[in-house]
1. Just to verify a result, which residue in segment 74-90, among those that are over 16 Å from residue 225 (Cβ atoms) and in a strand (DSSP E or B), is farthest from the chain's Cα centre (by Cα)?
2. Is it the case, given these coordinates, that residue 135 is at negative phi, touching a residue at least 60 places away in the same chain (Cβ under 8 Å), assigned to a loop (DSSP other than H, G, I, E, B) and among the β-branched types (Val, Ile, Thr)?
3. Can you find, within segment 33-65, the residue that is farthest from residue 217 (Cα to Cα) among those that are buried (at least 17 other Cβ atoms within 10 Å of the Cβ) and polar (S, T, N, Q)?
4. Return the residue satisfying two criteria in turn: it lies in segment 155-197 and is within 16 Å of residue 132 (Cβ to Cβ) and among the basic types (Lys, Arg), and of such residues it is surrounded by the fewest Cβ atoms within 10 Å (Cβ to Cβ).
5. Identify all residues within segment 159-200 that are basic (Lys, Arg), part of a strand (DSSP E or B) and modelled with pLDDT under 95; write none if there are none.
6. Return the only residue of 142, 114, 149 being surrounded by fewer than 20 Cβ atoms within 10 Å (Cβ to Cβ), β-branched (Val, Ile, Thr) and in a strand (DSSP E or B).
7. For segment 202-211, give me each residue that is modelled with pLDDT of 95 or more and not aliphatic (A, V, I, L, M).
8. How many residues, within segment 201-242, are within 17 Å of residue 84 (Cβ to Cβ) and not in a strand (DSSP E or B)?
Amino acid sequence: MKVYILPLLLIFLVSFRQKDVPHCKFKFDHYKALKKIPEPSDIVYDKETGHCFIVSDHGILFECDTLGNIIRRAADEGQDFEGVEVKDSFIYVSDETPRKVYQYRKSDLSLVKVYSVSWGGAMNRAFESIAYNYTKNCFVLVSQQPATVVEYTSDFKELGRYKFNGTRDISGARWHNGSMYLLSSLDASIIKCNATSYEGEEFYQINVLNPEGLSFDAHENISITSDDLQRIYFFKNLPTIK
């Protein structure tokens, strides 16, 4: 087994017992089939345009309306797109198999730059999502198994890792209103986390099979993609847990 030494890298352990975290069940309002987007793996809402960006496991970036109808698609493709984020004038997409992050220009979906990121392990157990943590001003990539939150600079130099033991896996991540929200596919749940420590604060069980992507719109409503079922699920605002 190879041992990798990362200088100046702090390894953090994020753990919580589910019974110690406030729980509730959260059911979707309706769903829509995404027939023209093969295996939709992540979704993000863009406040500037009012559109959504969805990535496919087939390595394709789509711009869609909030109902998932395709407006346009990027010409440059990857291999295994798993995560998507909007930051300023750019779209960032994580490609799991080759361990790369693609930077697209939002205005015309042209490819600007490709970053390489390091991660060992199985080819399909790397980065499942990408998000920008506005609390700490860094990018976040999350690995599926072992569930780990990894922070990066704007040019994708690694800052630190936070091992997450609250769920069996992490399939998605999104910063929203000062908190980081992690999505678990195996446990079908959304976990509201502290955006600094990634400690779990609230646990929402959802009725979606293999949820992959998570997004909040301008009205606090939630959209979740499922690549296995090729659907987008629409939820109302997160309920208050008493």
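The values are calculated or read from the model by the stated rules, or taken from the named source; none is laboratory data. What you see is a predicted model; the values in this text were computed from it and never measured. Every residue, glycine among them, receives a Cβ derived from its backbone with ideal geometry; neighbour counts consider all protein chains shown.
1. 90
2. It is true that residue 135 is at negative phi, touching a residue at least 60 places away in the same chain (Cβ under 8 Å), assigned to a loop (DSSP other than H, G, I, E, B) and among the β-branched types (Val, Ile, Thr).
3. Ranking the candidates gives 56 first.
4. The qualifying residue surrounded by the fewest Cβ atoms within 10 Å (Cβ to Cβ) is 157.
5. 161, 163, listed by residue number.
6. None of the others qualify; the one that does is 114.
7. If we filter segment 202-211 for residues that are modelled with pLDDT of 95 or more, which is where we start, we get 202-208, 211.
If the condition is that a residue be modelled with pLDDT of 95 or more and not aliphatic (A, V, I, L, M), then 202, 203, 204, 205, 207, 211 are the ones that fit.
8. Number satisfying all stated conditions: 5.
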